[in-house]
Amino acid sequence: MKKTTILSLGLLLGLFSISQNSIAQKVFSCNYKSEADIKVFVSKYKSDADLIVYKCKYKSDASGNNGLWYFVNYKSDADKKIFFTDYKSDADLIIYFSDYKSDAEWKNSSKKQLLL
């Protein structure tokens, strides 16, 4: 019985770690609104943002749903396809691009599901 419990616990932990890593933030910027999963507006001010985003240089750095984005060259490689709008009122999500990785975070957690 102990072996079964230990194996079950190990299996659950393994599945949890796989599910956490599958929420990656590999993003493709679409040219057309109709191709995108979400519409994004880039704010000039951090205080207006739902999400503060840091653009990662390496794909491996863009894991989790915490604002670390890696822009891919092909739509098929992306976890999310986004379209940058010119108007805040057209956007599903308002972001601010930060120069610092440590700034990346959600300011409005109610919108987290947009990137799941």
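Throughout, read-outs are computed from the coordinates displayed, never taken from laboratory work. A quick note: this is a predicted structure, and the numbers were derived from the prediction, not measured. We place every Cβ from the backbone using ideal geometry, glycine too, and count neighbours over all the protein chains shown.
Summary table
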quantity: Positive minus negative residues near Lys75 (Lys, Arg vs Asp, Glu; Cβ under 9 Å); calculated: -1
quantity: Shape call, the stretch 37-111: gyration tensor on alpha carbons, a/c limit 1.5; calculated: oblate
quantity: Cβ-based net charge around Ile38, under 15 Å, with every Lys or Arg adding one and every Asp or Glu removing one; calculated: +3
quantity: Cβ-based net charge around Ser47, under 15 Å, with every Lys or Arg adding one and every Asp or Glu removing one; calculated: 0
quantity: Sites Lys46 and Lys81 - FRET efficiency at Förster radius 41 Å, r taken between beta-carbons, to 0.05; calculated: 0.95
quantity: Spatial separation of Cα centroids for the stretch 36-71 and the stretch 87-116, in angstrom; calculated: 6
quantity: In the stretch 35-116, the trypsin sites (Lys or Arg not before Pro) that fall in loop regions by DSSP, at most 13 other Cβ within 10 Å; calculated: Lys44, Lys57
